[in-house]
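Reviewing the structure listed below.
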Amino acid sequence: MRNARSWVTGVGTILLVLGCISPSLPAESMKIGVIDPQVVLEKTKAGKRALDGLKEFSASRQKIVSADDEQLKQLEKELQAQEAGLSEAARREKQEQFRTKLQNYQKRLQDFNREIQAKQREIAGEYQKKIDQVAATVAQRNGFAAVLDKGNETSLRIVIYYHDAIDLTAQVIKEFDRRNK
């Protein structure tokens, strides 16, 4: 359902963009370009810094999760080793401690995953705005009437075919780096 909505939104955006093109422009002068925003993010200096920051953020969370995981494994080993010599009440208490730590671990893991996803969305949104602005500048400078997101295997692809001559990605990367040092 989400892909269908995304497709409809994407097609709607294309129609809106194309509908905004002045009908007074002759068809042969209506140049349409494509860009790959993901490549722009990955290949620009500022984008690389942002992605590195995200990796560091994720790595710091992973270290905490790994330490919690080791602690849980150690507690489980201790519980199994001591289980035979413990009274029923002591065994239940140790099992309850383990369950509580496991629940806290699972909650922390979920919280960290949400934080990382939020950070990814924040970076993507921030850079998409910048990429859109730079793409508009490059398109206007080169006389393009519209610029489309060519998509990739993991995202919605609206552009089925394009000639390499209308791919503005390299120009957008160059302009993005010039603006965002």
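Remarks
- Each of the peptides 84-96, 53-65 was scored by the mean count of other Cβ atoms within 10 Å over its residues; in descending order, highest first, they stand as 53-65, 84-96.
- Using a simple spin-label model with pseudo-atoms 7 Å out from Cα toward Cβ, residue 116 and residue 98 lie 2.7 nm apart.
- Size descriptor, Kirkwood hydrodynamic radius, that averages inverse alpha-carbon separations across segment 28-70, Å: 13.1 Å
- Among 35-48, 137-150, 154-167, the order from most to least packed when residues are scored by Cβ within 10 Å on average: 35-48, 137-150, 154-167
- Label-point separation, residue 30 to residue 128 (7 Å along Cα→Cβ), nm: 2.5 nm
- Amide H contacts under 5 Å for residue 148, placed H, 5+ residues apart: 33, 34, 35
- Segment 59-121: radius of gyration over Cα atoms, expressed as a fraction of 2.2 N^0.38 Å: 1.42
Every read-out reported here was derived from the displayed coordinates using simple, explicitly stated rules and does not represent laboratory data. All values derive from a computational prediction rather than experimental measurement. Methodologically, a virtual Cβ is constructed for each residue, glycine included, from the backbone with ideal geometry; neighbour enumeration extends over all protein chains shown.
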